[in-house]
Amino acid sequence: MDNPTAAALARSTRQAAGTRSAQATQAVLAAAAGTATAASQATAWAQANVTSTAEAQATLQAIAAAEHTWPLRLHDSFQDDHVGWPQGQRQVLGHVLTRGIAGGRYHWELAAVAGPGSLVEQPAQSPPLGDFYAAVSIQFGPGDDAGQLIYGLAYRLAGQDFGFFGLQKTKGYRAQEMQAGSEQNGEFQASSLINTRAGAVKRLAVLAQGQVVSLPINDQRVTHYVTPLAPGAVGLGVVALSSSPADQVDFTDFELRGLSP
């Protein structure tokens, strides 16, 4: 028999978490608006990228609310290919990528790269989402020790438009957006949150709520910004900054939660 008291408590918990999520979003939007007033000539990215203890706490609350209340859209432990990730070899503009799923890993091998460019993959079952929380774990293999390759999450994928948040081997992260195939404002910084020890696993995430995108590494936000991008799918990608030797990376524990646009 159903327990009405337990059901009411569960509803109350979900409502409270949803309220915290909305409040957190408003806190980030308010901070972005305040910064925009103070620096009207700055980019939307710089306008939003303000740091404060209260704001960071609001972001963490929003992440927690999303993880516990938003519907689970996809979860892939990469034991099989039940969500339809691309596999085999792919060639784009001289970049050759070989992908395979086995033993709990989505393994990528990128042949030597002659110059800058990007590759993005998405699973067949990835739905278009507006508000979403996506996360994946990354483990670098042998190869690009100079940090010319950046691997991570691609999001709000729609035609030639998408956002990207990724990590490089040499302790840096890159956040950028492509609009109509052209790179827009972004950020490229070093972070002490990135463990460069051989074999270390890093947890990368993206939380998008309306126009605000927050980007955490190992559950700690490193930056956030205001985006013009419309709802879209979520996948994985690699950005090459310049020429690079052959490289390998493993993705594990892919999670996607979100609300329909």
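Quick one: is Gln160 surrounded by fewer than 16 Cβ atoms within 10 Å (Cβ to Cβ), within 17 Å of Gly235 (Cα to Cα) and in contact with a Leu (Cβ under 7 Å, 6 or more places away or on another chain)? No, not satisfied. Under the condition of being at pLDDT 85 or above and either closer than 15 Å to Thr227 by Cα or not assigned by TED's automatic domain parsing to the domain that holds Asp131 (or both), the residues counted in the range 169-213 number 14.
Residues that are closer than 15 Å to Gly172 by Cα: which strands (runs of 3 or more DSSP E) entirely in the range 197-261 hold 2 or more of them?
Fully inside the range 197-261 and qualifying: 201-209, 212-217, 220-226, 233-240.
Evaluating Tyr106 against the criteria (1) buried (at least 20 other Cβ atoms within 10 Å of the Cβ); (2) among the hydroxyl-bearing types (Ser, Thr, Tyr); (3) more than 15 Å from the chain's Cα centre (by Cα); (4) at pLDDT below 95 leaves one unmet condition, (4). Applying the criterion of being farther than 14 Å from Arg73 by Cβ and among the acidic types (Asp, Glu) to the residues of the range 109-147, the residue that is modelled with the lowest pLDDT is Asp144. Screening Leu207 against (1) of a type outside the set (Ser, Thr, Tyr); (2) farther than 23 Å from Leu97 by Cα; (3) free of Cβ contacts under 8 Å to residues at least 24 places away in the same chain leaves a single unmet condition, (3). Would you point out which residue out of Val96, Val120, Val113 is in contact with a strand residue (DSSP E or B) (Cβ under 6 Å, 6 or more places away or on another chain), over 29 Å from Val213 (Cα atoms) and in contact (Cβ under 8 Å) with a residue 12 or more places away in the chain? Sole residue among the options that is in contact with a strand residue (DSSP E or B) (Cβ under 6 Å, 6 or more places away or on another chain), over 29 Å from Val213 (Cα atoms) and in contact (Cβ under 8 Å) with a residue 12 or more places away in the chain: Val113. The residues in the range 117-150 that are touching a Lys or Arg at 6+ places or on another chain (Cβ under 9 Å) and in a strand (DSSP E or B) can be counted, and the count is 14.
The values are calculated or read from the model by the stated rules, or taken from the named source; none is laboratory data. Only a predicted model underlies this, so the values are computations on that prediction, with no experimental measurement involved. Here the Cβ is made from the backbone with ideal geometry for all residues, glycine too, and neighbour counts use every protein chain on show.
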